[in-house]
1. Full extension from A374 to F315: what is 0.36 nm times the residue separation minus their Cα-Cα distance, to one decimal in nm?
2. Say R0 is 22 Å: what FRET efficiency, to the nearest 0.05, do S258 and K178 get from their beta-carbon distance?
3. Starting from 0.36 nm per residue, how many nanometres of slack lie between M338 and S355 once their C-alpha separation is accounted for?
4. In the range 146-179, whose amide N lies under 19 Å from the spot 7 Å out along Cα-to-Cβ of S217? List them in ranges.
5. Pop a pseudo-label 7 angstrom from the Cα along the beta-carbon direction at both R306 and Y247 and give the gap in nm to one decimal.
6. Hey, rough spin-label estimate for N50 and S294, points 7 angstrom out along Cα→Cβ, what's it come to in nanometres?
7. Sorted by mean Cβ packing within 10 Å, highest first, what order do the peptides 197-208, 164-175, 346-357 take?
8. From the phi of every residue in the range 176-188, what ³J(HN,Hα) in whole Hz does the Karplus formula 6.51 cos²θ - 1.76 cosθ + 1.60 yield, where θ is phi - 60° and glycine or proline is x?
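Where a number appears in this text, it was derived from the coordinates with a stated rule and is not lab data. Predicted model only: the values in this text are computed from it and were never measured. Cβ placement follows ideal geometry from the backbone for every residue including glycine, while neighbour counts extend to all protein chains displayed.
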Amino acid sequence: MYLRLLLQAFFLFLCLLCSVNSSHAEQAETRLSDSHILNVSSLLPPTVCNRNSTRAVSVPSKASLEVVSRYGPCSYINKGKAKTLNYSEILLKDRSRAKYIQSRLFKLKHSGSDDYLLKQKDYLTVGTKPDISAGASIEFYITASLGTPGQRVYLLLDTGSDITFTQCTPYLDCFKQKTPLFDPSKSSSFSVVPCTSSACLSDFEPVCNKAHQCIYSQSYGSGRSSGVVATEKLTIINRRSGTFVKYPYIFGCGGNNSVDVALGGATGIIGLDGFPASFISQTSQKYFSYCFPSSYSSPGYITFGRTDDDKNYKFVEFTPIATSSTPSVFYDIIVTGMAIAGEQLPVASSEYSKSGGIIDSGSTVTSLPPSVYAALR
């Protein structure tokens, strides 16, 4: 008897299910255009690198090369085995990055005043200090060669820095990296910059050691790097488009490094801002563009020099980089408003201009002023 009741109940369920399906068939059909089917595998961390998906293969420039995420399977230094960050870690690192950017902006604005050091100290102690343990938030790197013969270095891209530095031997303090440190004694083109040289640029905030060598010291959101300023042969190799060489290239040979870029195995940072010590200024590249991949499973690219490649991509939108008589350490953009589904947020344009806007390769999350964020939320 129980079996009969169970079968009857099951049959009734099937009938109800058929009835529901038929009555809602038309609605489901109309909703189909608003739906999107995802493969479950697409939500899992990628394990295979797909280099065919990058446009870098078609960029007609000798100074064009891959941009690789240090966490994905395309990474040479980690071979796809690096721990991918979770959202909490990303937010923590971005907060540290934001504090670093704010401190640099404050420093540039008040560096000429007599009470600058006192103001800087007060400014940096307001609210939560940057979490040094959070590490560097910069994610993408390029592969280059330093010296004669060349020694391979993996440099994180940073549009908010001017100095290029890599860890060198001998050293006082270094973070761990998975490749050998740059050894100046093995290069015939290495030369330390004396304090009297024009290569001892103001960007480095240089001081002299007892040997009258130019010394740099650079702060980041996650620590510091310091060492001697030197010149060297920098080579960028792209197996598809040729070789780009810059000699002499001024860089920091880091011997005392507490900045934690070791999470990704990189050896240092390449600065891409507009100040004299940056790669952009030293190589006289007035134009550069980069494309970060939307997935860890493929590389992006960075191109130095102007190309006509953008003409083939009419869907790309452009906005000017704001310029002024006083050079900015960051690439500033002018934000005038935000809209959701065509509806403008009820925020005055002055709220955007108060804080200004920048493009930053070291940030993952878009940050907004509190008033704008509240309206957006």
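1. Values: separation 59, 0.36 × 59 = 21.24 nm, distance 3.05 nm.
Contour length minus the Cα-Cα distance gives 18.2 nm.
2. Working: r = 19 Å, r/R0 = 0.84.
Efficiency at R0 = 22 Å is approximately 0.75.
3. Numbers: separation 17, 0.36 × 17 = 6.12 nm, distance 1.47 nm.
In short, 4.6 nm is gained.
4. 162-168, 171-175, by backbone N distance to the label point.
5. A separation of 3.0 nm, rounded to one decimal place.
6. The two pseudo-label positions are separated by 1.1 nm.
7. Per-residue Cβ counts within 10 Å, averaged per peptide and sorted highest first, yield 164-175, 197-208, 346-357.
8. Once rounded to whole Hz, the list reads 6, 9, 8, 10, x, 5, 5, 10, x, 5, 9, 10, 7.
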